[in-house]
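> First, the structure itself, so that you have it in front of you.
The values are calculated or read from the model by the stated rules, or taken from the named source; none is laboratory data. Note that the structure is a prediction, hence the values are computed from the model and not measured. Here Cβ is always computed from backbone atoms with ideal geometry, including for glycine, and neighbour counts include all displayed protein chains.
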Amino acid sequence: MAKQLIKGVIGSLEIAVNEINPTAPYVVVCHPHPLYGGTMDNKVVTMTAKAYEDLGCNSIRFNYRGVGESDGIYGKSLGEVADALAIVTWLNKEKAVTTLYFAGFSFGAYIAAQAASDTQAQSQMEVRHLLMIAPSVLNSPFENVTPISLDTTIIMGDADEVVPYGDVRAWAEQQYPPLEMITMEGAGHFFHGRLTELKQQIKRLFNTEKLG
């Protein structure tokens, strides 16, 4: 796993790249809220990346502005979406990537959703799937990105102590078409003791087939 600095919108962005196969797609994984300790090394984020790697997908995690070695300060969602899009630009330029998957945890679920939507609308890159893990639907501006036209899945614990499970389910069912939602019974927001199960749930989304 190589960590490095690349050029972002307002300075350097710290990234972690794991290239399994140069010709395989990439998954861009977005981390939780930077003001509450979220980083690209969050356990849910790293386990999510590993799930995609097991499927033959290359992964890229990154620290938003002001986190770790990334320059800048918290950008109130707009800045973090710009950071995610800077990752897409870098992948397109440096890796000639044409196919992407997006995944995000908590606050990162919104960042992934907005960046995926913008990428699909504004570039020639194909976005095949969006995974939102415990999305903070009440505290993030999801109205900016709905209706979500991408193939999308939500994974959520019904014992989430941070993001109300019922609110997320109601929100998912109100979308058109309703978003696929996988419930992990008894799992909390950070999936303590359930990370391996979370990994398996992600792999089942793609029937454990290689992503290509």
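> When you go through 183, 152 one by one, which is the residue that is on the phi < 0 side of the Ramachandran plot, buried (at least 16 other Cβ atoms within 10 Å of the Cβ) and at pLDDT 95 or above?
Answer to the selection: 152.
> Among the residues of region 61-110, write down those that are part of a strand (DSSP E or B) and surrounded by 24 or more Cβ atoms within 10 Å (Cβ to Cβ).
Passing the criteria: 61, 62, 100, 101, 102, 103, 104, 105.
> Could you check region 1-49 and list, in sequence order, the residues that are within 13 Å of the chain's Cα centre (by Cα) and in a strand (DSSP E or B)?
26, 27, 28, 29, 30
> Please give the number of the condition residue 52 fails out of (1) under 18 Å from residue 5 (Cα atoms); (2) not aliphatic (A, V, I, L, M); (3) not in a loop (DSSP other than H, G, I, E, B).
Here residue 52 meets the rest and fails (1).
> Cβ-Cβ below 6 Å, separation at least six or inter-chain, first residue in region 197-212 and within 14 Å of residue 155 (Cα to Cα) and in a helix (DSSP H, G or I), second modelled with pLDDT of 80 or more and small (Gly, Ala, Ser): which pairs?
The qualifying pairs are 199/51; 202/51; 203/51.
> While we're here: Do we have residue 114 as surrounded by 23 or more Cβ atoms within 10 Å (Cβ to Cβ), out of contact with any strand residue (DSSP E or B) (no Cβ under 9 Å at 6 or more places or on another chain) and either of a type outside the set (Gly, Ala, Ser) or not in a helix (DSSP H, G or I) (or both) here?
Answer is yes for this residue.
> Which numbered condition in (1) assigned to a helix (DSSP H, G or I); (2) surrounded by 14 or more Cβ atoms within 10 Å (Cβ to Cβ) is the only one that residue 189 fails?
Of everything listed in (1) assigned to a helix (DSSP H, G or I); (2) surrounded by 14 or more Cβ atoms within 10 Å (Cβ to Cβ), residue 189 misses just condition (1).
> Further, regarding this structure: Criterion first (touching a residue at least 24 places away in the same chain (Cβ under 8 Å), among the basic types (Lys, Arg) and closer than 28 Å to residue 157 by Cα) does residue 50 satisfy it?
Yes; evaluated as a whole, the condition is true for this residue.
> Out of the residues in region 122-135 that are surrounded by 15 or more Cβ atoms within 10 Å (Cβ to Cβ) and modelled with pLDDT under 95, state the one that is nearest to residue 96 (Cα to Cα).
Among residues in region 122-135 that are surrounded by 15 or more Cβ atoms within 10 Å (Cβ to Cβ) and modelled with pLDDT under 95, the one nearest to residue 96 (Cα to Cα) is 125.
> Still on this structure, I have one more. Only one of (1) under 11 Å from residue 16 (Cβ atoms); (2) crowded, with 18+ Cβ neighbours inside 10 Å fails for residue 42. Which number is that?
Result: residue 42 passes all but (1).
> Among the listed residues 97, 81, 88, which satisfies the condition of being touching a Ser or Thr at 6+ places or on another chain (Cβ under 8 Å) and among the hydrophobic types (A, V, I, L, M, F, W, C)?
Exactly one of 97, 81, 88 is touching a Ser or Thr at 6+ places or on another chain (Cβ under 8 Å) and among the hydrophobic types (A, V, I, L, M, F, W, C), namely 88.
> Would you confirm whether or not region 28-38 contains a residue that is under 15 Å from residue 101 (Cβ atoms), crowded, with 18+ Cβ neighbours inside 10 Å and not β-branched (Val, Ile, Thr)?
yes
> Right, something else. For region 170-180, what are the residues that are under 19 Å from the mean Cα position of the chain (by Cα) and either buried (at least 17 other Cβ atoms within 10 Å of the Cβ) or farther than 25 Å from residue 43 by Cβ (or both)?
171, 172, 179
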